[in-house]
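Colleague: Please find one structure pasted underneath; my questions will follow.
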Amino acid sequence: MNMEHYEEECIITFLNNQEKLLKERVAETQEEAAEFLEDCFAVVLNSISEIRSYWEENGMDIEGMSDEDILEAAEVFELPSGRFMVVEA
C-alpha cells in the first residue's frame with residue numbers, strides 16, 4: 001500500500017471525521033484510513049466549483065445545490081489547507 005498517494009492532511013482529516021460519511025468507523029489508524037481513501041478513489045479538489053465539475057463529469061445530479069449544500073454533503077471533507085476531499089464510499 002502506498003500511503004504517499006494521500007497527504008497526511010487528508011488521512012488525518014478522514015480519520016477524525018469519518019462518521020460524517022459512514023455510520024461506523026472503518027479506520028482506526030492512519031494506514032487504514034489511507035487504504036480506505038485509496039479504495040474509494042478519493043480526490044482532492046481546490047474549490048467548490050471544482051467539486052461541481054467533478055460531480056457533473058461523474059453524472060451526479062447537482063442541479064439546484066447551493067455551495068452550502070455541497071459543503072454539507074457527506075462525501076465532502078474540508079481540509080485545513082482550504083482544499084476539499086471528496087470521498088465516495
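The values are calculated or read from the model by the stated rules, or taken from the named source; none is laboratory data. Here the structure is a predicted model, which means the values were calculated and not measured. As a convention, Cβ positions derive from the backbone with ideal geometry for all residues, glycine included, and neighbour counts pool all protein chains shown. Surface accessibility is based on the protein's heavy atoms, side chains included, excluding ligands, DNA and RNA. Shrake-Rupley method; radii C 1.70, N 1.55, O 1.52, S 1.80 Å.
Colleague: Hey, among Ile62, Ile11, Ile70, which residue is over 12 Å from the mean Cα position of the chain (by Cα), of a type in the set (A, V, I, L, M) and open to solvent by less than 30 Å² (accessible area, probe 1.4 Å)?
Modeller: Within the list Ile62, Ile11, Ile70, the selection yields Ile62.
Colleague: Now for a separate question. Under 6 Å between Cβ atoms, which residue pairs at least 6 apart in sequence (or on different chains) link something in region 30-59 that is farther than 12 Å from Val86 by Cα and open to solvent by less than 50 Å² (accessible area, probe 1.4 Å) with a partner that is at pLDDT below 95 and not charged (D, E, K, R)?
Modeller: Listed by first residue and then by second, the contacts come to Ala34/Met3; Ala34/Tyr6.
Colleague: Follow-up. Does Ala27 satisfy the criteria of being touching a Cys at 6+ places or on another chain (Cβ under 8 Å) and open to solvent by less than 30 Å² (accessible area, probe 1.4 Å)?
Modeller: Working: touching a Cys at 6+ places or on another chain (Cβ under 8 Å): no; open to solvent by less than 30 Å² (accessible area, probe 1.4 Å): yes.
No, not satisfied.
Colleague: Would you check if Ala27 is touching a residue at least 12 places away in the same chain (Cβ under 8 Å) and on the phi < 0 side of the Ramachandran plot?
Modeller: Yes, satisfied.
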